[in-house]
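**Q** One structure, pasted below without further comment.
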Amino acid sequence: MNPQGAMTFLIDVAINLFIFLLLTRFILQLVRADFYNPVSQFVVKATNPVLTPLRRMVPGSSTVDVASLVMVVVLIILKTVLVVVLNGQGVPPVPALVIYALRSLASLMINYLFFAVLIRVILSWVAPDPYNPFTAIMTQITEPVMAPVRRILPPMGGLDLSPLVVLLGLQFLMILFAI
């Protein structure tokens, strides 16, 4: 029996799920996705209780939701501290925690885009209804990254290689910055 491991797992899963929702909200606002999409509505309603009070303290702009990113960094630091304390180790210094959280945020953003593009590729094989809310959101999230690549690549006779180039570019960034 490993109660510490089980508690660490629960904390990790709960915080990671909320971080995923916050990153989704940030990206949806960044790409100006359809607010009335049911997926967008779910994300907004799930994150509003935490972000509404935080927005009073953290100002944002019209396109960048700074409060979401601040909350993600805070949650990464909180998760790290909780896991370290549960494992019986000493708490790292605050500057090290902040640097770790920022690196984790960069890694999460790159991974988020990587898997969004991958999901869009898989959806293209299945040929789902383009009016499906999930398909529409995935298109809105990935199109700002894939459209510039599509403009650069020459037409390949109906074969879209832009997802492959984007996935390779995102992997390159992960390796380059050793995230």
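Each value in this text was obtained by applying a stated rule to the coordinates, not by laboratory testing. Bear in mind that the values here come from a model prediction, so they are computed numbers and not experimental data. Here the Cβ positions follow ideal geometry from the backbone for every residue, glycine too, while neighbour counts run over all protein chains shown.
**Q** Looking only at 152, 77, 122, which one moves most when the chain is put into a Gaussian network model with springs between Cα atoms under 10 Å?
**A** 152
**Q** With n ≥ 4 as the cut-off for DSSP H runs, can you work out [θ] at 222 nm for the chain, using -39500 (n - 2.57) per run divided by the number of residues, rounded to the nearest 500?
**A** Dividing the helical sum by the residues of the chain leaves -27000 deg cm²/dmol.
**Q** Right, something else. Which chymotrypsin sites (Phe, Trp or Tyr not before Pro) from segment 22-61 combine a DSSP loop assignment with at most 11 other Cβ atoms within 10 Å?
**A** Those satisfying the criteria are 35, 36.
**Q** So if R0 is 41 Å, what FRET efficiency would residue 127 and residue 106 give, r being the distance between their Cβ atoms, rounded to the nearest 0.05?
**A** Once the sixth-power term is evaluated, E becomes 0.75.
**Q** Here's a follow-up. Post the alpha-carbon centroid distance, segment 127-179 to segment 37-115, in whole angstrom.
**A** If we compute the Cα centre of each part, the gap is 25 Å.
**Q** For Cα pairs less than 8 Å apart in space and 6+ apart in sequence, what is the mean separation divided by the residue count of the chain, i.e. the relative contact order in percent?
**A** Computed over the chain, the figure is 23 percent.
**Q** At 15 angstrom or more along the helix axis (alpha-carbon based) and mean Kyte-Doolittle of 1.0 or higher, what helices does the chain contain? Whole DSSP H runs only.
**A** 3-30, 66-86, 94-126, 162-176
**Q** Work out, step by step, the length gained on full extension between residue 36 and residue 151: first 0.36 nm times the residue separation, then minus their alpha carbon distance; give nm to one decimal.
**A** 38.5 nm
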